[in-house]
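First comes the structure, then the notes that go with it.
The values are calculated or read from the model by the stated rules, or taken from the named source; none is laboratory data. Computed from a predicted model, the values in this text were never measured in an experiment. Cβ placement follows ideal geometry from the backbone for every residue including glycine, while neighbour counts extend to all protein chains displayed. We work out accessible area using only protein heavy atoms, side chains counted, and drop any ligands, DNA or RNA first. Shrake-Rupley method; radii C 1.70, N 1.55, O 1.52, S 1.80 Å.
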Amino acid sequence: MGTTPAPNDSTSGVPRRGDPGPGGPFEGTGTSAPGGSVQAPGSSGHAPEAPGPGFPTSDTTAPGTPVPAIPTPGRPVRGSAGGRPVMAALDLLGRRWTLRVIWELHVDGAPIGFRDLQRRCDDMSSSVLSTRLTELREAGIAASTSTAAQPAWHLTALGDDLVTAMGPLLDWSRAWAERR
């Protein structure tokens, strides 16, 4: 049994998200599962953080605990088997809490400790925050400075460039809010 592909969008001719198309929805070999994730044939699809076929896994995880690798241009990422830079960036930035962490690191511009950052992010889970900070560090967007007490996190020059690049999106969101 397979999934039934969704019809093409009649206005653009682009397959809808549920249409796996050739090679699966993310240029992999799986089929489309509910919610648009990749599901390998014969799998139950009940592992929300597990990568689908064609997704690299981090080699730093515990055995039997697959976690998506840090999206990197030139390596397969969601939406691009070739790892197009924009798709790698969207994969990284689209992860839960990532943009909020970047924003909170940007707000004051001064390094911030883990617990203070966690509070600024509405007391998000410490494990999720740790994971996001690790991903941002490996992507070169955030860094930590060690002090005698604890590390403090800050954006790198690349992270500052990212926030600057998101300026037009911030402008658009304000205009959108005014129209609602």
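If amide hydrogens are placed 1.01 Å from N in the peptide plane, which non-local residues have theirs closer than 5 Å to the one on Gly113?
Trp153
Could you give each residue of the range 129-135 its phi-based ³J(HN,Hα) in whole Hz, using Karplus coefficients 6.51, -1.76, 1.60 with θ = phi - 60°, and x for Gly or Pro?
4, 4, 5, 5, 5, 4, 4
Given H placed 1.01 Å from N in the peptide plane, which residues other than close sequence neighbours of Trp97 have an amide H under 5 Å from its amide H?
none
Out of Gly83, Ile141, Leu93, whose Cα points farthest toward the positive end of the dipole of the range 62-180 (charges: +1 Lys, Arg; -1 Asp, Glu; placed on Cβ)?
Of the options given, the answer is Gly83.
With all protein chains present and a 1.4 Å probe, how do Leu105, Leu90 order by accessible area, largest first?
Accessible-area ranking of Leu105, Leu90, largest first: Leu90, Leu105.
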